[in-house]
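The values are calculated or read from the model by the stated rules, or taken from the named source; none is laboratory data. Just so you know, these numbers come straight off a predicted model, no measurement behind them. All Cβ positions, glycine included, derive from the backbone under ideal geometry; neighbour counts span all protein chains shown. Remember, those area values only see protein heavy atoms, side chains included, never the ligands or the DNA or RNA. Shrake-Rupley method; radii C 1.70, N 1.55, O 1.52, S 1.80 Å.
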Amino acid sequence: MVDARAVVKELQEMREEGHLSDALLRYAVKLIHRDDERFDWVGVYLLDDEGEELWLHNYVGAPTDHARIPVGRGVCGTAVAHGANQNVPDVSEFEGYLPCNSGVRSELVVLIRADSRIYGQFDIDSHRPAAFGDKDEVALQMIADKLAEQIARERR
């Protein structure tokens, strides 16, 4: 499991050194992927200024054809449309699922947001069914919240 407190601490240290959100997002993706063998693909999508489309910022894992995802489509777009994280234990049962690769069995999407403003999301795929639990979501939300602080600060 990802040590969220350690990741948040490292991200805060990077902020204090003057790193911007781009570097923090890339570093967070690498740490999250490295720290949990269940996480076969870890990426960050950022929401465009119009709030209509998610753009792939960076990822670790197999290549994906989904560099842009309209809000409301797939697990990622559904998370933004509903303003809620999505934990899908079996992607084959998710209506409108956008397959990234044939090995994916479960997916977790955690929003990066400050108050009601959504900036983006973590998207995590696993080749294991029902790979993600409540503790995973809580840990990733801690990291997402730290990143949202920096993004909000830069966009003021």
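Here is the list for the stretch 1-84: GluC sites (Glu not before Pro) lying in DSSP coil, each with at most 10 other C-beta atoms within 10 angstrom of its C-beta, are Glu17, Glu37, Glu50. Spatial offset of the stretch 60-118 relative to the stretch 14-46 amounts to 17 Å, using the alpha carbon center of each. Which angle from 0 to 90°, rounded to the nearest 10, does the C-alpha axis of helix 21-35 make with the longest principal axis of the chain? Around 50 degrees separate the two axes.
Multiplying the residue separation of Arg34 and Lys9 by 0.36 nm and removing their Cα-Cα distance gives an extension gain of 7.3 nm.
Counting only protein heavy atoms and a 1.4 Å probe, the stretch 19-78 has 49 square angstrom of accessible area per residue.
Counting only protein heavy atoms and using a 1.4 Å probe, what share of the accessible area of the stretch 59-136 belongs to carbon plus sulfur, as a whole percent? Could you put the intermediate results ahead of the total?
Details: 1740 of 3780 Å².
C and S atoms contribute 46 percent here.
For the stretch 114-156, the set of chymotrypsin sites (Phe, Trp or Tyr not before Pro) satisfying both a DSSP loop assignment and a count of at most 15 other C-beta atoms within 10 Å is empty.
Within a Cβ distance under 10 Å of Asn58, other residues only, what is the Lys/Arg minus Asp/Glu net charge? The partial results should precede the final answer.
Numbers: positive: Arg26, Lys30; negative: Asp22.
Result for the local shell: +1.
The residues neighbouring Arg68, those whose beta-carbon lies less than 12 Å from its own, together hold a net charge of -3 under the Lys/Arg +1, Asp/Glu -1 convention.
Using 0.36 nm times the number of residues separating Asp134 and Arg117, minus their current alpha carbon distance, what extension gain do you get?
On the way: separation 17, 0.36 × 17 = 6.12 nm, distance 2.29 nm.
The Asp134-Arg117 span can extend by a further 3.8 nm.
Against the chain, whose longest principal axis is taken from its Cα atoms, helix 134-154 shows a tilt of about 50°.
Going from the alpha-carbon gyration tensor of the stretch 1-102, what semi-axes, largest first and in whole Å, does one get by taking the root of 5 times each eigenvalue?
Details: eigenvalues 125, 60, 31 Å².
For the stretch 1-102, the semi-axes come out at 25, 17, 12 Å.
In terms of the ratio Rg/(2.2 N^0.38 Å) built on C-alpha atoms, what value belongs to the stretch 40-156? Kindly include the intermediate steps, with their values, before the conclusion.
Working: Rg = 13.2 Å, N = 117, 2.2 N^0.38 = 13.4 Å.
Ratio of Cα Rg to 2.2 N^0.38 Å: 0.98.
Under a model in which nothing but the beta-carbon of Lys, Arg (+1) and Asp, Glu (-1) is charged, the chain shows a dipole of about 240 debye around its Cα centre. Using a probe radius of 1.4 angstrom, the carbon and sulfur fraction of the accessible surface of the stretch 1-52 is 44%. Normalised per residue, the accessible area of the stretch 89-156 is 49 Å², obtained with a 1.4 Å probe and no contribution from ligands, DNA or RNA.
Of the residues Met1, Met142, the one with the largest accessible area comes first in the ranking Met1, Met142, computed with a 1.4 Å probe on protein heavy atoms. Among Tyr97, Tyr45, the order of accessible area from largest down is Tyr97, Tyr45, computed with a 1.4 Å probe on protein heavy atoms.
Please state the charge dipole magnitude for the stretch 58-110, taken about the Cα centre, from unit charges on C-beta atoms (+1 on K and R, -1 on D and E), reported in debye and rounded to the nearest 20.
Numbers: 3 positive and 5 negative charges, 36 e Å.
The dipole of the stretch 58-110 has a size of about 180 debye.
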